[in-house]
Amino acid sequence: MAKVPPPSFSGSTRTSGEHSFMTLKLIARRIGFLFMVIWAASTIIFFVPRLSPVNPVRERFSEIARLSGFAPEDLEKIIESFSKQFGLDRPLWEQYIDYLWNIMRFDFGFSLNRYPSTVIELIAQSLPWTIGLLVVTTILSFVIGNLLGAIAAWPRAPRWARNFSTPFVLFMGVPPVLMGVLLLFFVGFRLKLLPLGGAYSIGVVPNWSWEFALDLLRHQILPALALILGSVGGWVLTMRGMGITIQGEDYVNFAEHKGLNGVTIFRDYYLRNALLPQMTGLALALGTVVTSAIIVEGLFALPGVGTVLINAIRANDFPVIYGIVIFITIAIAAIMTLMEFLYPLLDPRIKNE
Amino acid sequence: MRTAAIRPGAAHQPGRVTLFFRYLSRNASLGAGLAILLALAAFTIIGLMVIDPMDAYPLSAPTRRPPSWDFPFGTDFFGRDLVAVMVVGMWQTAFIGLVAGGIGTFVGVVLGFVSAYFGGWTDAAIRTVCQVLTPIPVLLIQVVVAGSLDKRDVTIFTMALIVVMLAWMGPTLIIRSQVLTMKERQFVSVAKLSGISDLGIIFKEILPNLLPFIAAAFVGQVFLAVFASFYLAVLGLGPLREPLLGNIIWSAQSQGAFFNGWWWWPIAPSVGMILILGSLALINMGLDELANPRVRKSE
C-alpha cells in the first residue's frame, strides 16, 4: 500500500517539512499574542484599582462597621490584619508577580461578600447559564441573520422575502438590554405571556421533569429574544454586502449558464462561499455578544455571570468584579485565537502566512 | 458619452441650503438621523428652559404616579418627575458623548497621523498597542475602572473620562489607514517636492481631505461613549445621584418595577436611549456613505 502523505494544514504545495515548520512558527506567534493580550488586560486590572484613592478593603469593612457598629479603632486593626493576611502590605512588584502567577492558575482569590467561596467557584456556578444562553442565541442569530442577508441580496428572491430583513437592520442600533426592557413591557407585563425574570418560577425546586424543563425554557425566551433581535441586523448587513460581491463572481454565472436550478445555486455556490468570511465576524463579534449577554442576564435576573457581577458591584465585592473581568477577557482572547487556527481548515483560500 | 446641452437661463446654481436638503433627501439615513437628533435636542433645550432641573432629583414629586396630565411620563419610587429626569438625563448624556467623543477623536487623529506619517518605530509601537488592546472587551475594563472609584465621587465628567480611556484605538486605526493611502497620492508628492514642511502637508494637504472620515469617526466615538456610559450606568456603576438614563433603568430594575406594576418607570428612559443611539447609528451610516463614495447613490 502506497504511503499517503497526511493532508497538510492549508493545502498548499510546500513540502511538508517546511510547511509544518511554518505552521509551528505561526502557532507560536499567535499564542504569544494571546499571552500578550492576557498580560495587558491583567496589568490594567492590577494597576488601575491601585491608582484609585479608594481602598477596597477599607470600603468593604467600613460598610460592615456601619451595619454592625463597632469602634473606629477596631476597624483600623481589622483592616491592618486583613491586609497582612492577604499580603496587601508587601511591596507592589511582589504583589504584581504573585498576582500574575495566580491568574495563570485561575486563582482570583476569595469573595469578600460570600467569604468562604472563592471567585472561581462563583464563576463556575454561574458560567453554565451564561454559556447556554450565549451558545443558543449566537447560533440562532448567526443562522437567521445570514439567511436573511443572503436572501436580501439574492436578485431572484421574491420582493417580500428581500424586504423581510429590513426591520432587523433597524433594530441593530438598539442595545439588547433596551430590547429586553421593551420585551418585558409588551410580552411580559402587558400580554402576560412570559415571566418577568428569574431562571425558574419562585418556589419551584429544580428537578428532572418535563414541567421544570418547560418552565426553564419559558424563562429563557425573552432574554434570548432580546439578544437575538439585537444581533441579527449586523449579520444581515454584512451578509448582504458579501452576497452582492459574490453574485458577480464567474463561478456563479457559470452555474447559472449550466442551467442549475436556483435553490442549488443559492445553497452550494452562493451561500457556502459567502458564509466563510462571516465566520471571521463570529470571532470579532464575540466580545460584544458577551458584554451584552452579561447585562441582559442582570436585567432578567438569570443566575449567570452577569447577575453575579451586578451583585458584586452592588456589594463592593472587588475581587469578584476583577476576577470576572479577567476571566471573560481570557476566555474571549483564547476563543479568538482558537478560531484563527480553525479558519484555514474551513476555508482553503485563507492561508496563514 | 452624451452631453446634454444646457439651455441658457436654466443653469442657475441652487443655493447651499437647497443643495444640502437635496443631498439629505438622497441620503435617507443621514436625514432621518439628523431629524431625530434635532428633535431630541429641541426636547432637551426647551425642557431645560421650562422645567426645574431639581425635579429630576429624589423627593421633588409625589412617588409612583402613573403618566397623567401633570406628570406626562409619571414619577418614580424615589419621587422624581420623569419628564425632568428625561430632560436632565438627555443633557448629561449629550455632555458625556460630546466630551468623550471629542477627546477620543482628537487623540485618535493625532496618534493616527503620527503613526502613519512618520512610520518606523513610532508606527510599530502605536500599532502594536492598538492590536493588543483591541481584543480586550473595553466595556469590561471600564467596569473595573468605574468600579474602583468611590461611587460617591463619580460625576458626569469622571464618567466621560472613564469612557474615553480605552476608546481611542478605533479612530487611530481608521485615520492611520487613510493617511497611509493619502500619503502616496500625487498631490502630496507634489507638495513635498515643492518644499512644504511636514506640518504644512499635514494641515494644508492631508487634513482637509480627511474631514469626512474624521466626522464619521467622531460620530462613531460619540455613539460608543454614549453606549459605554449607558452600559456602566445600567450595571450600577454610574454617578448614582445623577438622573442619567442608565441609572434610572438600573434603579427601576433594582426596585422590581415590572413586578410591582410601575411599568412607566423604565419605559421612558429606554425609549429615550433607543432614540439617541438609533439617531447616532443612522447618522453614522449616512456619513459612511458621504465618506465612502463607492457606496454613494447617484442623484
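The values are calculated or read from the model by the stated rules, or taken from the named source; none is laboratory data. Fair warning: this is a prediction, and the values are worked out from it, not measured in the lab. Quick reminder, even Gly has a Cβ in these numbers, built from the backbone with ideal geometry, and neighbours come from all protein chains shown.
Anything in the stretch A:279-297 that is within 7 Å of chain B (Cβ to nearest Cβ) and either within 17 Å of A:Thr118 (Cβ to Cβ) or of a type in the set (Gly, Ala, Ser) (or both)? List them, or say none.
Once the filter is applied, which keeps residues that are within 7 Å of chain B (Cβ to nearest Cβ) and either within 17 Å of A:Thr118 (Cβ to Cβ) or of a type in the set (Gly, Ala, Ser) (or both), the stretch A:279-297 yields only A:Gly287.
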Identify, from the list A:Val204, A:Val187, A:Val174, A:Val181, the residue that is within 24 Å of B:Ile267 (Cβ to Cβ), of a type outside the set (Lys, Arg) and over 24 Å from the mean Cα position of the chain (by Cα). A:Val187
Select from the stretch B:192-246 the residues that are among the hydroxyl-bearing types (Ser, Thr, Tyr) and surrounded by 15 or more Cβ atoms within 10 Å (Cβ to Cβ) and write down the one among them that is nearest to A:Leu309 (Cα to Cα). B:Tyr231
Which pairs turn up if I take residues in the stretch B:247-259 that are more than 8 Å from chain A (Cβ to nearest Cβ) and assigned to a helix (DSSP H, G or I) and look for partners that are surrounded by fewer than 24 Cβ atoms within 10 Å (Cβ to Cβ) and not charged (D, E, K, R) with beta carbon separation below 7 Å, at least 6 apart in sequence or on another chain? B:Asn247/B:Leu240; B:Trp250/B:Gly236
The listed residue being away from chain A (no Cβ under 14 Å), free of Cβ contacts under 8 Å to residues at least 60 places away in the same chain, farther than 30 Å from A:Tyr322 by Cα and not in a loop (DSSP other than H, G, I, E, B), out of B:Gly112, B:Gly200, B:Gly195: B:Gly200
Looking only at the stretch A:123-182, how many residues end up being more than 14 Å from every other protein chain (Cβ to nearest Cβ), without any contact (Cβ under 8 Å) to a residue 40 or more places away in the chain and among the hydroxyl-bearing types (Ser, Thr, Tyr)? 0
Long-range neighbours under 9 Å by Cβ, at least six apart or interchain, first residue closer than 22 Å to A:Thr291 by Cβ and at pLDDT 80 or above within the stretch B:117-136, second in a helix (DSSP H, G or I) and among the basic types (Lys, Arg): B:Cys130/B:Arg176
Matching option when the condition is aromatic (Phe, Trp, Tyr), crowded, with 20+ Cβ neighbours inside 10 Å and either within 14 Å of chain B (Cβ to nearest Cβ) or out of contact with any strand residue (DSSP E or B) (no Cβ under 7 Å at 6 or more places or on another chain) (or both), among A:Trp235, A:Trp210: A:Trp235
Determine which single condition A:Glu63 fails, assuming it passes every other condition in (1) exposed (fewer than 15 other Cβ atoms within 10 Å of the Cβ); (2) without any contact (Cβ under 8 Å) to a residue 60 or more places away in the chain; (3) farther than 30 Å from B:Leu166 by Cα. (2)
Given the conditions (1) modelled with pLDDT of 85 or more; (2) of a type in the set (Ser, Thr, Tyr); (3) surrounded by fewer than 18 Cβ atoms within 10 Å (Cβ to Cβ), report the number of the one that B:Ser68 does not fulfil. (1)
Of the residues B:Ile267, B:Ile274, B:Ile283, only one is within 20 Å of B:Arg65 (Cα to Cα), of a type in the set (Val, Ile, Thr) and touching a helix residue (DSSP H, G or I) at 6+ places or on another chain (Cβ under 8 Å); which? B:Ile267
